[in-house]
Structures are given as C-alpha cells and as structure tokens.
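Scroll down for the structure; my scribbles are underneath it.
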Amino acid sequence: MIEIEELRKSYNGQRALDGFSLRVEEGELFGLVGPNGAGKTTLIKILATLLPADGGRARVAGYDVAAAPRAVKPLIGYLPDVPGLYQDMRVSEFLEFFADAFRLPRLRKRAVVERALEGSGLSERRAAFVETLSLGLKQRLLLAKTLLHEPRVLLLDEPATGLDPLARIELREHLKALNRDGVTIFISSHILSDLEDICSRVALIANGRNAADVKGRTVLTLQEAVPPRVICEIEVAGEAEGAARLAGEFAGARLLEHAGNRLRVEIAGGPEQAAALLRHLVGSGVAVVRFDSRGPGLEERYREAFGGPRP
C-alpha cells in the first residue's frame, strides 16, 4: 500500500531524509518512531504530496506521489502535527467547508457531514463555535474532517500531542475501529505506549535513515508469539533490599532498578520463568504486594535502538 525507496530530501544543504526505505502493507496500522529531527514529518509530507523529494521514490496504492499526485490525493487523509482550525466557524460549517474542498457532490455532502458529526460524537455540538471546543474535541473534529472523503490511507503526524489520557484512549479506539474497517494507517508519534497498543509493526528512523535495534531490525513486530525476555515490576511490603538480592541471585534474572519498596527485574525464558521468580520470592518469605510481568515494551526497545532517556 505504501512503498518508499531510498527517499532523500534536504533543506538548505541539511539532510532531512537520507535514503530511507519502507513498505507498509494494505490494512496495516503501522507506526514510525525516532528522535526529534529524524525526518518523520518530512516523510509524511512527501507521502501526502505536499513536499517534493530530492531523490528516491514513494508510492501509495501503486501511484507515484510525485508523478501522479492527483491520483494519490483522493486516496489519503492527512492530519499534520500542527493542524489549522478555523476558530470562528461553527462545527457543522467547518465540516461543510471541507466537504466542499474535497468536492463532494451536493446531494452526498449533507449525509457525509451528518455521518461525520455522529461518528465523532459532535452531533450535539454542531452549532458550537470551534474555538469553544476542548483540545480533545478539536482533535475529534480534525479527524472527522480528514475522513470526510473516505480515504483508504490515513497519514497521521503526532495526532495525540497535548491530549489528556481519556482523549488519547478515545483516539486509539477510533483508529483501531477504522483499521478494522480496512483503512491503512501510518502514524508517527512520540507516545510509545499508544503505538504499542494499536500498531502491529513500528519502523525506526534516525538522521533521515533507517535505524536498527541491537539485533539489526529496522522494523519491530510488536506482537511476538514468545517474548525473548520478560520485564517484571515488583512491589513488596517494606524495603525491597532482600527481594532485590534474591531476584539478582535467581537464574536468568537481572536487576534493572531498585528504589524503596519497588524493583524491576529482567528475566530470560518468558512467562514461565517470571512465575518461577514469583514463587522463589514468596517461598523465601518476601511479602509481594504487586507482581506484573510483560514482554519487552516499545519503550525498552526504543532505548536499545537510540539510547538515552525515554522520549
């Protein structure tokens, strides 16, 4: 669905993209992560036909974005990282304006706008001015606008920035529902937990090039059948000195953090070994209050690839 081959782009001699390549299959909900300045926004703008590349090739649904932009534009819905809003319009007027911009037939426009209002939960706010909406409702409106022409591909650049936790949950559920309906979604975000919840795969980018994790993988699969290791987050009653010592002595375990009554332990061997660690701690007299085990999360894998603190 999205094919990117050796894409290059420079601004005033500064490379933003330096030979980046990627393939996103039809029907995927695919993430893109990397440090600030890695080239994510430039890449998405090129796919959206808003920015010409200096070299390489990008295709959407088989159409070259540079050679056939008029064929690409009806297929995509693009939500930029800093979207514009006409604050002095009413909600329904805003959607009607973009329905006209998408050149939807007049007879179809009313039904499309009504469906967008209902789908975004804004039916009761149709007469409200855009400027009166909360940030979360504005993001709902922007996504509704982006979907008016029923695109096959969504290109989303940091769509959850500034949203509160509830609004982020609603956005994630909306994107998962769209993906179940067959929409291919390509999303860039620094909120790794959101990507981990919704994406099947995530690509790494740095300095405009494909980046790799410690195992040389430039694309991470997030739903692996058997995690190669497990992170255990443990909380005990009282100080965790004894629990930390016992965990450190357990075969295949490595103490990652220890502070107060909490510790984090990495253990090889999957969930069975995590259960064995819990039995070892309890059998040794440790009062375990909480024990959560999971496969290596996207944050850990991000830090392995790029180093430094969490983004």
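Counting other Cβ atoms within 10 Å, keep those with at most 10, restrict to DSSP loop, and tell me which trypsin sites (Lys or Arg not before Pro) in segment 176-285 are left.
Values: sites: Lys176, Arg180, Arg201, Arg209, Lys215, Arg217, Arg229, Arg245, Arg254, Arg262, Arg264, Arg279; in loops: Lys215, Arg217.
The qualifying sites are Lys215.
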query = Roughly speaking, what is the stretch gain from Ser200 to Ile169, that is 0.36 nm per residue apart minus the C-alpha to C-alpha distance, in nm to one decimal?
reply = 9.4 nm
request  = Quick one: dipole size for segment 152-311, taken about the Cα centre, charges +1 on Lys/Arg Cβ and -1 on Asp/Glu Cβ, in debye to the nearest 20.
outcome  = 440
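Kindly provide the trypsin sites (Lys or Arg not before Pro) of segment 79-133 that DSSP labels as loop, not H, G, I, E or B, and whose Cβ sees at most 10 other Cβ atoms within 10 Å. Mind showing how you got there, number by number?
Details: sites: Arg90, Arg103, Arg106, Arg108, Lys109, Arg110, Arg115, Arg125, Arg126; in loops: Arg103, Arg126.
Counting only loop positions with at most 10 other Cβ atoms within 10 Å, the trypsin sites (Lys or Arg not before Pro) in segment 79-133 are Arg103.
Given the Cα-Cα distance of Glu131 and Ala276 and 0.36 nm per residue of separation, how much length would full extension add, in nm?
On the way: separation 145, 0.36 × 145 = 52.20 nm, distance 5.56 nm.
Working it through step by step, the gained length comes to 46.6 nm.
Between Glu233 and Asp213, what is the FRET efficiency for a Förster distance of 30 Å, r being their Cβ-Cβ separation, to the nearest 0.05? Don't skip to the answer; put the middle values down first.
Values: r = 22 Å, r/R0 = 0.73.
Efficiency, rounded to the nearest 0.05: 0.85.
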key: Proximal aspartates and glutamates to Lys45, defined as alpha-carbon separation beneath 18 angstrom and excluding residues fewer than eight positions away on the same chain   = Glu3, Glu5, Glu6, Asp18, Asp54, Asp64, Asp81, Asp157, Glu158
message = Suppose a student asked you for the relative contact order of the chain, using Cα pairs under 8 Å spaced at least 6 residues apart; what percent would you report?
response = 19
query = Which shape class applies to segment 56-163: rounded if a/c is under 1.5, otherwise prolate when a/b exceeds b/c and oblate if not, where a ≥ b ≥ c are the square roots of the Cα gyration tensor eigenvalues?
reply = oblate
query = Who wins for biggest fluctuation among Leu137, Leu154, Leu195 in a Gaussian network model of the chain, springs between alpha carbons below 10 Å?
reply = Leu137
note = Given backbone amide H placed at 1.01 Å from N, residues whose amide H is under 5 Å from that of Phe20, ignoring those fewer than 5 places away on the same chain, are Leu7
task = Go ahead and estimate [θ] at 222 nm for the chain from helices alone: -39,500 (n - 2.57) per DSSP H run with n ≥ 4, summed, over the residue count, rounded to 500.
result = -10000 deg cm²/dmol
message = Could you derive backbone 3J(HN,Hα) for segment 211-217 from the dihedral phi with the Karplus parameters 6.51, -1.76 and 1.60 (θ = phi - 60°), listing whole Hz in sequence and x where the residue is Gly or Pro?
response = 9, 9, 7, 5, 9, x, 8
key: Selected from Gln139, Ala66, Leu32, residue furthest toward positive end of dipole (the chain; charges at beta carbon)   = Ala66
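Kindly rank 59-66, 7-14 from highest to lowest mean number of other beta carbons found within 10 Å of each residue. Provide the component values of the computation, followed by the final result.
Values: 59-66: 18.0, 7-14: 13.2.
Output ranking for 59-66, 7-14: 59-66, 7-14.
Every read-out reported here was derived from the displayed coordinates using simple, explicitly stated rules and does not represent laboratory data. These figures come from a predicted structure and were not determined experimentally. Reconstructed Cβ throughout: ideal geometry from the backbone, glycine too, with neighbour counts over all protein chains shown.
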